[in-house]
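Structure, as structure tokens:
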Amino acid sequence: MIAIRTEKLTKKYKDKTVVRDLDLSVNEGEMYALLGVNGAGKSTTIKMLSCLIRPTSGDAKLMGNSIIGDSTKVKQIISVSPQETSVAQNLTVKENLEFIAGIFGFDKASAKEKTQQIIARFDMKEIENSRAKNLSGGWQRRLSIAMALISEPKIIFLDEPTLGLDVLARRDLWKQIEKLKGKITIVLTTHYLEEAEALSDSIGIMADGVLKAQGTADELKALAKTDNFEEAFVRIAGDEV
Amino acid sequence: MRTLVFASRNLKEITRDIFTLIFGILFPLVLLVLLSAINSSIPKEATMKLFEIENLVPGIAVFGLSFISLFTATIVSKDRCTSFILRLFTSPLKPSQYIAGYTLPLVPVALLQTIVCYIASFIFGLEWSANILLALVVTIPVSVLFIALGLLCGTIFNDKAVGGVCGALLTNLSAWLSGTWFDLELVGGAFEKAADLLPFVHAVNAGRYALSGEYSLIMSELLWVIGYAFVILVIAVILFNYKMKQDK
């Protein structure tokens, strides 16, 4: 089943077209990486898909629900882990998770149960009573992703999940993200090409608001006639293929 | 339910900040101690009644409430200026639930602050009477006024600017124009007229009349506060909704 399908999705700000006639599809349970240099239109695409901004034209269906006509339903089935760590600083890990479960409509007992499950899944037992502001960058990012998952979304958007983390913390987070594969549809934006290549089932490359190509890492390398994924990205994004 | 969950998070964020305790509770108490000490040094022949505890405590209570604006503005602007707001925007929370969630937790904080202020006043000679309970009720619209001001400032300014605007400008302005520290009639002129057109002196007067049992005079003062609170809250809600769309 198709989890996300965009149809000529376009966003314009005055005379500037930030995303142009985007047609992409993501299968259910797939991890899809959206790549592109700064200003390529990745974040705007994510914002449109998560109902934060309305497209100028076109539409997108998430599990069959339109981002224009059914945004309330879309918000119930999606979750976003923003680029910067976004946690409530004075709340503990447990309270952050219970808070998000609560605003997504879980009652108190269910919220506590979900919280314990996700704490176990993300190995956060030892820090569950620590305030978020006292956690390291890596733990905060892990909490941020756990918060995005506690509402049991069908689709999750991870915007630059490992940005600014050291190598060890990044690899650690990769392991957590890999555990989600197949269970949930994941759309990942990243600047780390090796991250996209290692984690994703499918990759889309955007440049100047246009989806230049999409496929597996091997398919994109074949398209660009190179064995090196970074080189393939440069050629595709730079219109050399 | 969602509103209460959001309000509970906001209450925890505010009360766990050490500045809430320092500015919200301790600072007004320190002023109460200082001004009471000054009052005890004023000779009776001077017939200076401004710092007598019955006149002083309603003013200090209103001054303390001005910090509620700072707390409200800080949490709203911090949420707005970080990506935490994106997480909230992609949740099923509705605009009305944001407003209620930011407003509700500050009302008990404001009441607690005022209760502490009145309890401390017993040490400095305030005598118990049922009018104190009325003075606490009068606090509610005053706290809504300061919450609305905080919501407005938090919506307009970033988290760095609200410290200056609410923490310095608003607290000082509301203090000078409230008639707590000096008699506005002594200054007179444009200053007195400006103070009279603003709600702060009326908030203090309403508290003083409640405490002294001059019931018939309370409502005319309180209407100023209620009017300002309503108008500022409406403006804050409209601007907040507008900025919500813009910030996305």
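The values are calculated or read from the model by the stated rules, or taken from the named source; none is laboratory data. Remember, predicted model here, so these are calculated numbers, not experimental data. Cβ coordinates were reconstructed from backbone atoms using ideal geometry, including for glycine residues, and neighbour counts include every protein chain displayed.
For segment B:185-206, does any single residue satisfy the condition of being among the charged types (D, E, K, R) and touching a residue at least 60 places away in the same chain (Cβ under 8 Å)? First the steps, then the outcome.
Initial filter on segment B:185-206 (among the charged types (D, E, K, R)): B:185, B:192-193, B:196.
Right, trim to touching a residue at least 60 places away in the same chain (Cβ under 8 Å) and you get none.
So far as segment B:185-206 goes, no, none of its residues is among the charged types (D, E, K, R) and touching a residue at least 60 places away in the same chain (Cβ under 8 Å).
A quick yes/no check of all residues on (1) closer than 15 Å to residue A:203 by Cβ; (2) among the β-branched types (Val, Ile, Thr):
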{"site": "A:1", "(1), (2)": "no, no"}
{"site": "A:4", "(1), (2)": "yes, yes"}
{"site": "A:9", "(1), (2)": "no, no"}
{"site": "A:16", "(1), (2)": "no, no"}
{"site": "A:20", "(1), (2)": "no, no"}
{"site": "A:24", "(1), (2)": "yes, no"}
{"site": "A:28", "(1), (2)": "no, no"}
{"site": "A:32", "(1), (2)": "yes, no"}
{"site": "A:40", "(1), (2)": "yes, no"}
- The number of residues in segment A:61-93 that are in contact (Cβ under 8 Å) with a residue 12 or more places away in the chain and either facing chain B (nearest Cβ under 8 Å) or assigned to a strand (DSSP E or B) (or both) is 19
- Could you give every pair whose Cβ atoms fall below 8 Å, whose first residue belongs to segment B:9-22 and is more than 9 Å from every other protein chain (Cβ to nearest Cβ), and whose second residue is surrounded by fewer than 17 Cβ atoms within 10 Å (Cβ to Cβ) and not in a helix (DSSP H, G or I), counting only separations of at least 6 or pairs across chains? none
- Message: Being touching a Phe, Trp or Tyr at 6+ places or on another chain (Cβ under 9 Å) and more than 14 Å from chain B (Cβ to nearest Cβ): is that true of residue A:19 here?
- Response: no
- Query: What single numbered condition from (1) crowded, with 23+ Cβ neighbours inside 10 Å; (2) part of a strand (DSSP E or B) fails to hold for residue A:58?
  - Reply: (1)
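Of the residues A:188, A:163, A:220, which is crowded, with 20+ Cβ neighbours inside 10 Å, touching a residue at least 24 places away in the same chain (Cβ under 8 Å) and aliphatic (A, V, I, L, M)?
Details: A:163 fails: crowded, with 20+ Cβ neighbours inside 10 Å; A:220 fails: touching a residue at least 24 places away in the same chain (Cβ under 8 Å).
One residue alone meets the criteria, A:188.
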- Message: Among the residues in segment A:199-222, are any within 30 Å of residue A:109 (Cα to Cα) and not aliphatic (A, V, I, L, M)?
- Response: no
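Quick check on segment B:203-243: of everything there that is exposed (fewer than 14 other Cβ atoms within 10 Å of the Cβ) and among the hydroxyl-bearing types (Ser, Thr, Tyr), which residue is nearest to the chain's Cα centre (by Cα)? Outline the logic, then answer.
Step one: filter segment B:203-243 for residues exposed (fewer than 14 other Cβ atoms within 10 Å of the Cβ), giving B:213-216, B:219-220, B:231, B:234, B:238, B:242.
Restricting the remaining residues to those that are among the hydroxyl-bearing types (Ser, Thr, Tyr) gives B:215-216, B:220, B:242.
Working: B:215: 22, B:216: 24, B:220: 19, B:242: 25 Å.
Looking at the filtered set, the residue picked out is B:220.
Restricting to segment A:132-181, count the residues that are among the charged types (D, E, K, R), part of a helix (DSSP H, G or I) and under 15 Å from residue A:87 (Cα atoms).
3
Give, as residue ranges, the helices (runs of 4 or more DSSP H) completely inside segment B:75-138 that count at least 2 residues that are without any contact (Cβ under 8 Å) to a residue 40 or more places away in the chain.
Working: elements: B:84-89, B:95-103, B:106-123.
By residue number, B:84-89, B:106-123.
Matching residues to (1) of a type in the set (S, T, N, Q); (2) within 30 Å of residue A:235 (Cβ to Cβ):
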| site | (1), (2) |
| --- | --- |
| A:105 | no, no |
| A:117 | yes, no |
| A:124 | no, no |
| A:127 | no, no |
| A:145 | no, no |
| A:159 | no, yes |
| A:164 | no, yes |
| A:178 | no, yes |
| A:197 | no, yes |
- Is one or more of the residues making up segment B:64-72 surrounded by fewer than 24 Cβ atoms within 10 Å (Cβ to Cβ) and aromatic (Phe, Trp, Tyr)? no
- From B:66, B:40, which residue is in contact with a Leu (Cβ under 8 Å, 6 or more places away or on another chain), over 30 Å from residue A:148 (Cα atoms) and either assigned to a helix (DSSP H, G or I) or among the hydrophobic types (A, V, I, L, M, F, W, C) (or both)? B:66
- Filtering segment A:11-26 down to residues that are among the aliphatic types (A, V, I, L, M) and not in a strand (DSSP E or B) yields A:24
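For segment A:62-80, give me each residue that is under 14 Å from residue A:152 (Cβ atoms) and either surrounded by fewer than 15 Cβ atoms within 10 Å (Cβ to Cβ) or of a type in the set (Val, Ile, Thr) (or both).
Going residue by residue through segment A:62-80, those that are under 14 Å from residue A:152 (Cβ atoms) are A:63, A:75-79.
Result: A:77, A:78.
Test residue A:146 against the stated conditions and say whether it is more than 10 Å from chain B (Cβ to nearest Cβ) and either aromatic (Phe, Trp, Tyr) or over 19 Å from residue B:16 (Cα atoms) (or both).
Numbers: more than 10 Å from chain B (Cβ to nearest Cβ): yes; either aromatic (Phe, Trp, Tyr) or over 19 Å from residue B:16 (Cα atoms) (or both): yes.
Here the answer is yes, as residue A:146 does meet what is asked.
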- Got a number for residues in segment A:103-126 being surrounded by fewer than 20 Cβ atoms within 10 Å (Cβ to Cβ), more than 25 Å from residue B:1 (Cβ to Cβ) and at pLDDT 90 or above? 3
- Could you check residue A:100 against (1) more than 8 Å from every other protein chain (Cβ to nearest Cβ); (2) surrounded by 22 or more Cβ atoms within 10 Å (Cβ to Cβ); (3) at pLDDT 90 or above and say which number it fails? (1)
- Does any residue of segment B:95-115 turn out to be closer than 24 Å to residue B:230 by Cα, within 14 Å of chain A (Cβ to nearest Cβ), in contact with an Asp or Glu (Cβ under 8 Å, 6 or more places away or on another chain) and of a type outside the set (Ser, Thr, Tyr)? no
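Given the criteria assigned to a strand (DSSP E or B), surrounded by fewer than 23 Cβ atoms within 10 Å (Cβ to Cβ) and in contact with a strand residue (DSSP E or B) (Cβ under 6 Å, 6 or more places away or on another chain), does residue A:8 qualify? Step through it out loud before you land on a result.
Numbers: assigned to a strand (DSSP E or B): yes; surrounded by fewer than 23 Cβ atoms within 10 Å (Cβ to Cβ): yes; in contact with a strand residue (DSSP E or B) (Cβ under 6 Å, 6 or more places away or on another chain): yes.
Judged against the criteria, residue A:8 is a match.
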- Report, by residue number, each residue of segment A:40-55 that is under 14 Å from residue A:209 (Cα atoms), assigned to a loop (DSSP other than H, G, I, E, B) and either among the basic types (Lys, Arg) or under 17 Å from the mean Cα position of the chain (by Cα) (or both). A:40, A:41
